[in-house]
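The structure under discussion appears below in the form of structure tokens.
The values are calculated or read from the model by the stated rules, or taken from the named source; none is laboratory data. The structure displayed is predicted, hence computed values, not measured ones. Cβ placement follows ideal geometry from the backbone for every residue including glycine, while neighbour counts extend to all protein chains displayed. We work out accessible area using only protein heavy atoms, side chains counted, and drop any ligands, DNA or RNA first. Shrake-Rupley method; radii C 1.70, N 1.55, O 1.52, S 1.80 Å.
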Amino acid sequence: MEKWQICEAECLAYLQSKYSKNGNNFEAEGGSDSTKSDILFRKYGAVAFYIESKMSQAQCGQFVAFPNLESKSFDYSRANAYPENIYSESILEKMAEDFDRYKNPGTDGIELLMDNDLFYSWIGEFYKAKNVKYFIIEKDVGNNNMSSSNFVIFPIEHFQHYFNVSAKYRRKKSGSTNPTENDYAEITKAAKSEGFSITDFYSNDGRHLLVKMNAVSRTYKIIGEKHTFQFKNTSGNEFIVTKLSNTNNPNVIFSIGLIQEQQQRDLDKFEREFI
């Protein structure tokens, strides 16, 4: 598992162990699908809101924008999951004022030199659009540390109090997605091209696609007819399959760093949700 996946799983486990009672229930939701948030909270079976899990240093949203050499401006991609808002528009306008600095981003990225209040505002709008009401931050990831001191929880409106934020414009492959049944034939053919035979498709968590395949226990990236697939070994002949992006678009990418410990008033507000 990637470190962000471990963080999401441990945040979910912490919430379930501490707050799953009296009709409160927490479910894994987002995974590698960036259009959904990480953890869904249900109250007596009804959807209440989402909780976004993050490490103390993490990426925190992005959008694709293309340099327009004719107008010396930047065009918000219509392929973005969410429509342009006033904050992304303002960011792109600021970038256009220094077009030559930003017009040719590489994979290392170009730091955005502007008032970072725009970054905070964009992040807030982005997560509100996903019905996120709270963030949960895990400080020590991967050691199954379920102590309360390892987690910081706060409402989205206090995001600016807890994080430094920066942004870069850089080329980045789009995230992976979970394959669907429509991909099974291509996955089978791709595996066969490398001499592997798939004997079963299934899911053990309702989210990830797994296959049984006669291959040595390691990670493979195999190019199919339309997509590239990653086969990541879990145990024995079992592999998690993800569909990798074929694009390498320029993105405005936001990064965050935790600067604030848990404030009791924010935790109190969160816990009142479960009364």
* Asked: Just the accessible area for Asp115, please: 1.4 Å probe, Å², rounded to the nearest 10?
  -> 90
* Residue-by-residue Karplus 3J(HN,Hα) for the stretch 223-232, coefficients 6.51, -1.76, 1.60, Hz, glycine and proline x -> 7, x, 5, 10, 9, 9, 10, 9, 10, 10
* List the DSSP H helices in the chain whose Cα atoms stretch 20 Å or more along the helix axis and whose mean Kyte-Doolittle hydropathy is at least -1.0. => 3-19
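Arrange the residues Glu194, Glu8 by how much accessible surface each exposes, largest first, with a 1.4 angstrom probe. The partial results should precede the final answer.
Numbers: Glu194 110, Glu8 10 Å².
Ranking Glu194, Glu8 by accessible area, largest first, yields Glu194, Glu8.
Ordering Ser71, Ser17, Ser147 from largest to smallest accessible area (1.4 angstrom probe), what's the sequence? Please list the in-between numbers first.
Working: Ser71 70, Ser17 90, Ser147 45 Å².
The ranking, largest first, comes out as Ser17, Ser71, Ser147.
Helix-only estimate, please: 222 nm mean residue ellipticity of the chain, summing -39500 (n - 2.57) across DSSP H runs of length 4 or more and dividing by its residues, to the nearest 500. Show your work: numbers first, answer last.
Details: 7 runs with 68 residues, N = 275.
Here the helix-only value at 222 nm equals -7000 deg cm²/dmol.
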* Roughly speaking, to the nearest percent, how much of the chain's 1.4 Å accessible area is carbon and sulfur? -> 45
* Take every Cα-Cα distance within the stretch 180-258, group them into 10 Å bins from 0 onward, and report for each bin the whole-number percent of pairs it holds. => 17, 48, 20, 13, 2
* Asked: More than 28 Å apart: what percent of Cα pairs in the stretch 60-201 qualify?
  -> 42
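Lys212 to Asn144: extension gain in nm, 0.36 nm per residue of separation minus the Cα-Cα distance? Show your work: numbers first, answer last.
On the way: separation 68, 0.36 × 68 = 24.48 nm, distance 2.83 nm.
Contour length minus the Cα-Cα distance gives 21.7 nm.
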* Structure fact -> Placing +1 on each Lys and Arg Cβ and -1 on each Asp and Glu Cβ in the stretch 30-110, then taking the dipole about the Cα centre, the residue among Tyr87, Pro105, Pro67 whose Cα reaches farthest towards the positive end is Tyr87
* To do: Please work out how much accessible surface Tyr14 shows to a 1.4 Å probe, ignoring ligands, DNA and RNA, in Å² rounded to 10.
  => 10
* To do: Give the Kirkwood hydrodynamic radius (Å, one decimal) of the chain, defined as one over the mean of 1/r across all pairs of different Cα atoms.
  => 20.6
* To do: Please work out how much accessible surface Asp75 shows to a 1.4 Å probe, ignoring ligands, DNA and RNA, in Å² rounded to 10.
  => 70
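For Val165, Val216, write out the residues from largest to smallest accessible area, computed with a 1.4 angstrom probe and no ligands counted.
Final ranking, largest accessible area leading: Val216, Val165.
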